[in-house]
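The values are calculated or read from the model by the stated rules, or taken from the named source; none is laboratory data. Just so you know, these numbers come straight off a predicted model, no measurement behind them. So basically every Cβ, Gly included, is an ideal-geometry build from the backbone, and we count neighbours across all protein chains shown. Protein only, heavy atoms only, side chains kept; ligands, DNA and RNA dropped before computing areas. Shrake-Rupley method; radii C 1.70, N 1.55, O 1.52, S 1.80 Å.
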Amino acid sequence: MQSSITWREFLRQTLTLALPIAFQQLMLALSSCADTLMLTNVGQNELSAVSLATQFQFIFSLCLAALTLGMSILVAQYWGAGNTNAVERVLAFIMLYAGGLSLAFFALTLLIPETLMSIMTNDITLIAIGSQYLRVSSVSYLFIGLSQMYLCLMKNVGAAVTGMTISTVGVIVHVALNAVLIYGWFGLPALGIFGAAISTVISRAIELVWSVLVASRNGRPRLRLSMMLHPDVALQKDFWKYSLPVLGNELVWGCGFTMYTVIMGHLGTDAVAANSIANIVKDLLVCLSLGLGNAGGILVGNLLGRNAFDQAKVMGNRLCVLVAAVGVGTGLLIIAVRPLALQWAGLTPQATHYLSIMLFICAYYAVCGCMTNLTIAGIFPAGGDSRFGLVCDAIVMWLIVVPVGLLAAFVWKLPVLAVYALLNTDECIKMIPALLHYRKYRWVNNVTRQTNSAVVSNT
């Protein structure tokens with residue numbers, strides 16, 4: 001990318017990468033919420049329970065996000081520099097980490113699902129239903145961790161379309177099996193939440209098998225057993241230098257976000273059900289902005305890996321303008337689909353009232369979240385400046401929003417919608433310091449030293 005590149009060419013380069021990633025994000029969002037979506041016709045308790053149960057998959061995905069983001073930073077820079085051997089060494093130890101993480105979540109959801117659900121809600125019915133779902137779907141964690149590492153590799157080595165295809169087929173299989181197993185089509189028994197859990201396991205297994213087969217093709221970085229048995233120490237140090245702040249940031253943000261769900265989970269089943277549907281609508285419609293943020297990190301990382309610092313600044317500035325426009329469009333789209341969501345959800349009158357207002361709140365939340373996703377989760381980590389996100393989330397979420405939410409819900413006894421509005425102020429608060437920090441261009445200055453260090457340690 002030249003500093004004098006036209007906006008048309010910039011959009012072509014950016015969207016060529018961002019659209020497949022955005023579509024993959026959409027497929028992942030659909031896969032994550034397919035169980036909740038299709039349980040709306042089974043019952044509000046089933047919908048609410050599974051929505052709470054999938055929060056543990058959300059926490060799992062946060063840990064994976066730290067691995068994939070650290071992996072993306074290194075792979076983007078080494079792939080941009082043409083160092084395939086380093087990419088394979090990164091893949092080897094990343095798979096070890098992902099495998100251990102998958103085993104841990106598998107064991108927890110299989111052995112103590114009731115304990116996990118009791119954290120999310122005090123409703124006995126929801127605990128019982130959610131525990132059944134967690135126990136059956138626990139095997140899926142063994143597949144998700146490894147397949148996501150392969151999909152991350154693909155989008156960083158020019159095979160984003162392949163990753164998109166795998167995710168798309170996985171979602172289609174998931175939704176189709178959900179319909180068959182939940183509702184009992186083709187003469188099969190209607191399994192309800194058990195059908196949703198079984199379809200999750202099968203679709204995730206298909207994604208992993210396909211990813212392994214694709215990754216074994218010639219000309220692409222491969223997972224080598226010898227590298228797994230002797231993981232590269234120097235590269236691991238580089239990885240954790242990038243990833244520890246990211247992991248801390250993901251956990252600080254993710255656990256804070258989960259606390260929002262915990263707070264809502266103790267405000268009644270109507271609040272839980274409305275919050276579940278609002279999150280589904282928001283998650284499905286912000287995929288383009290998430291794809292742009294993810295693509296922005298990769299594009300900036302590639303430029304920084306080639307020491308093209310001025311070009312990286314131009315890329316970052318134009319990405320900010322583009323994402324701002326997309327963010328506003330996303331907020332307006334959420335408002336536009338609000339009548340359809342209210343009609344489709346089939347909730348109780350009280351829950352429908354909650355949902356009606358929650359969607360307006362989601363609209364402004366999405367506008368601010370688009371910009372913080374690009375900067376805090378995309379550009380800053382690509383430039384080795386991931387500590388800012390950790391500090392920002394720790395202060396905003398754990399010193400401001402979570403305490404205020406707890407006080408509002410359990411001390412001040414504010415109405416459900418007032419609590420929800422307060423819990424959805426974090427992205428708006430973070431956006432201001434994120435933009436101010438972006439303009440300091442520390443993400444460019446830091447990478448100069450880190451890139452040189454990484455190159456020295458792996459030559």
Search result, residues across segment 288-316 that are within 20 Å of MET371 (Cα to Cα) and among the charged types (D, E, K, R): LYS313
Of residues in segment 109-127 being in contact (Cβ under 8 Å) with a residue 40 or more places away in the chain, surrounded by fewer than 18 Cβ atoms within 10 Å (Cβ to Cβ) and part of a helix (DSSP H, G or I), the one nearest to the chain's Cα centre (by Cα): ILE119
Do any residues in segment 207-233 that are at pLDDT 80 or above have Cβ atoms under 9 Å from those of residues that are assigned to a loop (DSSP other than H, G, I, E, B), where the two are at least six apart or on different chains, and which pairs are they? VAL212/LEU223; VAL214/ALA159; VAL214/ARG220
Filter segment 305-348 for residues that are farther than 15 Å from TYR365 by Cβ and among the charged types (D, E, K, R); which is least open to solvent (accessible area, probe 1.4 Å)? ARG318
When segment 388-427 is examined, which residues are found to be aromatic (Phe, Trp, Tyr), farther than 30 Å from SER243 by Cα and open to solvent by 30 Å² or more (accessible area, probe 1.4 Å)? PHE410, TRP412
Among the candidates VAL286, VAL281, VAL262, single out the residue that is in contact with a Cys (Cβ under 9 Å, 6 or more places away or on another chain) and over 14 Å from ALA345 (Cβ atoms). VAL286
Would you check if there is a residue in segment 65-81 being in a helix (DSSP H, G or I) and without any contact (Cβ under 8 Å) to a residue 60 or more places away in the chain? no
Elements of type helices (runs of 4 or more DSSP H) contained in segment 287-406, each with 1 or more residues being more than 17 Å from the chain's Cα centre (by Cα) and modelled with pLDDT of 90 or more: 309-345, 349-374, 402-406
Being at pLDDT 90 or above, outside any helix (DSSP H, G or I), out of contact with any Asp or Glu (no Cβ under 6 Å at 6 or more places or on another chain) and surrounded by fewer than 19 Cβ atoms within 10 Å (Cβ to Cβ): is that true of LEU435 here? no
In this structure, is LEU142 touching a helix residue (DSSP H, G or I) at 6+ places or on another chain (Cβ under 9 Å), surrounded by fewer than 21 Cβ atoms within 10 Å (Cβ to Cβ) and outside any helix (DSSP H, G or I)? no
